[in-house]
Amino acid sequence: MEKKNLDWGSLGFNYVQTDLRYVSNYKDGAWDEGCLTDQAVIPINECACVLQYAQTCFEGLKAYTTEDGKIVCFRPDLNAARMASSCARLQMPVFPEDRFVDAVVQTVRANAQWVPPYGSGATLYIRPYMFGSDAIIGVKPANEYQFRVFVTPVGPYFKGGIKPLTVRISDLDRAAPRGTGHVKAGLNYAMSLSNIVDAHEQGYDENVYLDSATRTHIEETGGANIIFIQGNKLVTPKSDTILPSITRRSLIHVAREYLGMEVEERPVELAEIGQFAECGLCGTAAVISPIGTIDDHGKLTHYAGMGPGIQKLYDTLTGIQMGRIPAPEGWIQVIGE
Ligand SMILES: *Cc1c(COP(=O)(O)O)cnc(C)c1O
């Protein structure tokens, strides 16, 4: 198979339209059989529930080429399960989890020419999502939905080397107790946009959110979970309002089972962040981005950046993903050669 003629190493994290995407429609209480389409534009009613009341959720995962030339993706069953929980919270019909994985596989296969080659550092980002598509003016859930999967090639996250991030403790909150912080809803991102624009204007890479009930505990950033390392121990905040990152859950397994580290998942107080040697953000996009500094209103806490703990975790998880290190059962879904 001939690859597209792209300069893989210089791709950014931008939408590039690829050849085919998957679509399935929900109507009269049932999903249709679904198909691949070349139509990247979606005509919907002006009063569609997603446009008026933001009834939408999404997922994000990646496909890539392993050392031995296979196209694979990483734990898509967990994305399927997480989307099912997002749908339940947003009163949307679940797209069956086995069909979700099949739709991901079909979409990647249909765009195999867009999967970056091994060693390029680039990957194929996969975006499954769902939205209420029929006209709704009184506040209630839609009757009709569309589930879609598109893919877009994205460049290496750390272009020109890894630069530790500078983040700030946010004055705004991300998630309310008993709210929607634990599901991947578009609405969680809409309300974070002004804060991230402001953070960038002030010279920060990200906002670190506190628990909104007491503002004494660390939660996560707008789009990544947080890990701390001290000695042989990995500590990660536990809270009902944190989005359950698949990368974080995988790193916990890697820390325990591959690296013999101790792992604590527990509430982490803002007051204790100075006790850790390393800190990083974890998510599909970068796997782990090391943090250099957390700024809490002028009180600076410094970390080792890509220190030995984060480096080990990063090397082991990316080694598993790229097929250089044996993966736990079921982690790697082979899509093609
Ligand atoms: C998607 C997301 C993450 C990262 O989850 P992964 O499954 O590791 O990609 C973390 N926090 C938030 C708020 C997210 O939306």
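Residue 202 meets all of the listed conditions (1) polar (S, T, N, Q); (2) touching a residue at least 60 places away in the same chain (Cβ under 8 Å); (3) more than 30 Å from residue 74 (Cα to Cα) but one, namely (2). Considering only the stretch 246-256, I want to know if a residue exists there that is among the β-branched types (Val, Ile, Thr), within 23 Å of residue 187 (Cβ to Cβ) and not in a strand (DSSP E or B). Yes, the conditions are met somewhere in the stretch 246-256. Considering (1) out of contact with any strand residue (DSSP E or B) (no Cβ under 9 Å at 6 or more places or on another chain); (2) without any contact (Cβ under 8 Å) to a residue 24 or more places away in the chain; (3) open to solvent by 20 Å² or more (accessible area, probe 1.4 Å); (4) more than 17 Å from residue 332 (Cα to Cα), the lone condition that residue 84 does not fulfil carries the number (3). Taking strands (runs of 3 or more DSSP E) as the structural unit, those lying wholly within the stretch 282-337 and holding at least 2 residues that are under 25 Å from residue 232 (Cα atoms) correspond to 287-296, 299-302.
Checking each residue in the stretch 96-115 for being touching a residue at least 40 places away in the same chain (Cβ under 8 Å) and over 19 Å from the mean Cα position of the chain (by Cα) picks out 96, 99, 106, 109, 110, 111, 112, 113, 114. Given the condition away from the ligand (no atom under 14 Å from the Cβ) and under 22 Å from residue 88 (Cβ atoms), answer yes or no: does some residue in the stretch 207-217 qualify? No, because not a single residue in the stretch 207-217 is away from the ligand (no atom under 14 Å from the Cβ) and under 22 Å from residue 88 (Cβ atoms).
Which condition does residue 163 not pass, out of (1) within 16 Å of the ligand (Cβ to nearest atom); (2) over 30 Å from residue 80 (Cβ atoms); (3) surrounded by fewer than 19 Cβ atoms within 10 Å (Cβ to Cβ), if it passes all the others? With (1) within 16 Å of the ligand (Cβ to nearest atom); (2) over 30 Å from residue 80 (Cβ atoms); (3) surrounded by fewer than 19 Cβ atoms within 10 Å (Cβ to Cβ) applied to residue 163, the lone miss is (1). Residues in the stretch 285-318 that are of a type in the set (Val, Ile, Thr) and in contact with a Pro (Cβ under 9 Å, 6 or more places away or on another chain) were compared, and the one that is surrounded by the fewest Cβ atoms within 10 Å (Cβ to Cβ) is 293. Among residues of the stretch 45-66 that are small (Gly, Ala, Ser), those with a beta-carbon under 7 Å from a residue that is within 14 Å of the ligand (Cβ to nearest atom) and open to solvent by 20 Å² or more (accessible area, probe 1.4 Å) at least six positions away or on a different chain give the pairs 54/186; 54/187; 54/190; 60/125; 60/127; 60/284. The number of residues in the stretch 165-178 being closer than 26 Å to residue 295 by Cβ and either in a loop (DSSP other than H, G, I, E, B) or without any contact (Cβ under 8 Å) to a residue 24 or more places away in the chain (or both) comes to 8. Does any residue of the stretch 239-256 turn out to be among the basic types (Lys, Arg), over 24 Å from residue 73 (Cβ atoms) and open to solvent by 10 Å² or more (accessible area, probe 1.4 Å)? Checked against the condition, which is being among the basic types (Lys, Arg), over 24 Å from residue 73 (Cβ atoms) and open to solvent by 10 Å² or more (accessible area, probe 1.4 Å), the stretch 239-256 yields no hits at all.
Only one of the listed residues (242, 227) is in a strand (DSSP E or B) and within 16 Å of the ligand (Cβ to nearest atom). That residue is 227. Of the residues 33, 67, 46, which single one is surrounded by fewer than 16 Cβ atoms within 10 Å (Cβ to Cβ), in contact with a Phe, Trp or Tyr (Cβ under 7 Å, 6 or more places away or on another chain), of a type in the set (Asp, Glu) and assigned by TED's automatic domain parsing to the domain that holds residue 96? Sole residue among the options that is surrounded by fewer than 16 Cβ atoms within 10 Å (Cβ to Cβ), in contact with a Phe, Trp or Tyr (Cβ under 7 Å, 6 or more places away or on another chain), of a type in the set (Asp, Glu) and assigned by TED's automatic domain parsing to the domain that holds residue 96: 67. All of (1) within 24 Å of residue 319 (Cα to Cα); (2) within 16 Å of the ligand (Cβ to nearest atom); (3) open to solvent by 10 Å² or more (accessible area, probe 1.4 Å) hold for residue 54 with one exception: (1). Of all residues being more than 10 Å from the ligand (Cβ to nearest atom) and touching a helix residue (DSSP H, G or I) at 6+ places or on another chain (Cβ under 7 Å) in the stretch 170-191, which is least open to solvent (accessible area, probe 1.4 Å)? Just the residue, please. Restricting to residues being more than 10 Å from the ligand (Cβ to nearest atom) and touching a helix residue (DSSP H, G or I) at 6+ places or on another chain (Cβ under 7 Å), the top hit is 170.
In the stretch 245-262, how many residues are within 16 Å of the ligand (Cβ to nearest atom) and not hydroxyl-bearing (Ser, Thr, Tyr)? Walk me through it before giving the result.
First, pick out the residues of the stretch 245-262 that are within 16 Å of the ligand (Cβ to nearest atom): 245-255.
Pick out the ones that are also not hydroxyl-bearing (Ser, Thr, Tyr) and you get 246, 248-249, 251-255.
Within the stretch 245-262, residues that are within 16 Å of the ligand (Cβ to nearest atom) and not hydroxyl-bearing (Ser, Thr, Tyr) number 8.
Within the stretch 42-56, not a single residue is at pLDDT 95 or above, out of contact with any Asp or Glu (no Cβ under 8 Å at 6 or more places or on another chain) and closer than 19 Å to residue 153 by Cα.
Checking each residue in the stretch 115-154 for being buried (at least 21 other Cβ atoms within 10 Å of the Cβ) and in a loop (DSSP other than H, G, I, E, B) picks out 115, 116, 122, 133, 136, 142.
The values are calculated or read from the model by the stated rules, or taken from the named source; none is laboratory data. Model, not experiment: these values are computed from the prediction. Here the Cβ is made from the backbone with ideal geometry for all residues, glycine too, and neighbour counts use every protein chain on show. Please note that ligands, DNA and RNA were not included when accessible areas were found on the heavy atoms of the full protein model with its side chains. Shrake-Rupley method; radii C 1.70, N 1.55, O 1.52, S 1.80 Å.
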